[in-house]
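The structure under discussion appears below in the form of structure tokens.
Readers should treat all values here as calculations from the given coordinates under stated rules, not as data from a laboratory. Here the structure is a predicted model, which means the values were calculated and not measured. Cβ coordinates were reconstructed from backbone atoms using ideal geometry, including for glycine residues, and neighbour counts include every protein chain displayed.
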Amino acid sequence: MAGIVEGKRVFLTGGGGNLGSATAKLLAKEGASVAVVDISLQAAEDVVAEINSNGGIAIAIQADVRNDNQIFEAVAESVGEFGGLDTLINNAGIMPHQDASMLDADLDEWRAIYELNTLGTVTVSRHVVPHIKEAGGGSVINMSSFLAVIGCSYPQDAYTSSKGALSALTRSMSAQFGPHNIRVNAMAPGPILTAHVEQFFPDPAARALRLARVPLGRFGKPDDVAGLATFLTSEWSSWISGQVITLDGGISINYV
Ligand SMILES: NC(=O)c1ccc[n+]([C@@H]2O[C@H](COP(=O)([O-])OP(=O)(O)OC[C@H]3O[C@@H](n4cnc5c(N)ncnc54)[C@H](O)[C@@H]3O)[C@@H](O)[C@H]2O)c1
């Protein structure tokens, strides 16, 4: 039986990381060809080796989303390899631990976070979207965060606002590119249990405090994000555009 994204050609940034690698593997399993793009060639190659060994189609490309030339080359390589592109997943991003309240802002840190999370998405989109237009349409998926949906009394203001910009950009892109049959949506995940996120829970009490707010009673898994990304790539989501879809186990609708 054909997978739900059979024949789709995907450009996925940050594809060597926790959420990116789970997404690349599920997309390939469901029939897509995936360009796994990452600043770390090793991370991208590891993911691609696993996909290829399971019979899936993927290529590893080293590129920095902050570097316009590198992204131009990476897009050209993907188009050459797959014969075009119809899906972009802007997943690459950072969430530094030292990020805190805007009252203590280290402006260089803010610039670095915006340059990667926000401008990186712009840089990659401006090179990939023309190819999606040429393909007759497709899907763009930006990576926002639940922190751009609700406030948090343990602030990470640079990260939160860099992701809020992506939620706004998603709506603007959706309105602009819809006439070219391009759907643009964003995913806004709550805490997905990765080694990096676990460092935000320094002790059991900090972990329990956060878990108590999750109606579904658990933190997220990379596969939760991979599932939504695959759905948004597929034609199963063919009339969804301009949406920021929160996947957080219900945290953002829970008062107490
Ligand atoms: N983990 C969570 O709980 C969570 C929640 C909400 C949103 N997010 C977002 O999901 C995305 C992925 O998060 P993750 O947890 O998988 O992080 P991760 O650190 O595991 O993966 C990020 C990947 O991006 C790559 N990368 C970093 N800088 C890059 C650059 N300049 N150019 C290209 N690639 C670069 C890294 O090498 C890494 O492979 C991020 O945008 C993050 O903000 C994560």
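Reported count of residues in segment 28-58, each being closer than 25 Å to PRO130 by Cβ and either in contact with a Phe, Trp or Tyr (Cβ under 8 Å, 6 or more places away or on another chain) or more than 15 Å from the ligand (Cβ to nearest atom) (or both), is 7. Would you be able to tell me the number of residues in segment 193-208 that are loosely packed, with under 12 Cβ neighbours inside 10 Å and either part of a helix (DSSP H, G or I) or in contact (Cβ under 8 Å) with a residue 60 or more places away in the chain (or both)? Counting residues in segment 193-208 that are loosely packed, with under 12 Cβ neighbours inside 10 Å and either part of a helix (DSSP H, G or I) or in contact (Cβ under 8 Å) with a residue 60 or more places away in the chain (or both) gives 5. The residues of segment 81-111 that are of a type in the set (A, V, I, L, M) and under 29 Å from THR233 (Cα atoms), listed by number, are LEU85, LEU88, ILE89, ALA92, ILE94, MET95. Tally time: how many residues in segment 156-173 are closer than 19 Å to LEU116 by Cβ and either touching a Pro at 6+ places or on another chain (Cβ under 9 Å) or not aliphatic (A, V, I, L, M) (or both)? The total comes to 11. If you go through segment 169-190 and pick out every residue that is outside any strand (DSSP E or B) and more than 16 Å from the ligand (Cβ to nearest atom), you end up with 11. Within segment 1-27, the set of residues being touching a residue at least 40 places away in the same chain (Cβ under 8 Å), more than 16 Å from the ligand (Cβ to nearest atom) and either buried (at least 23 other Cβ atoms within 10 Å of the Cβ) or farther than 14 Å from ALA229 by Cβ (or both) comprises VAL5, LYS8, ARG9. Residues in segment 79-108 that are touching a residue at least 40 places away in the same chain (Cβ under 8 Å), away from the ligand (no atom under 16 Å from the Cβ), out of contact with any Pro (no Cβ under 7 Å at 6 or more places or on another chain) and of a type outside the set (Val, Ile, Thr): GLU81, PHE82, GLY83, GLY84, LEU85, ASP86, MET102, ALA105. Residues in segment 209-239 that are loosely packed, with under 15 Cβ neighbours inside 10 Å and not in a helix (DSSP H, G or I): ALA212, PRO215, LEU216, GLY217, ARG218, SER238, TRP239. Tell me, please, whether a residue that is under 19 Å from the mean Cα position of the chain (by Cα) and farther than 22 Å from VAL129 by Cβ can be found in segment 8-16. For segment 8-16, residues under 19 Å from the mean Cα position of the chain (by Cα) and farther than 22 Å from VAL129 by Cβ: present.
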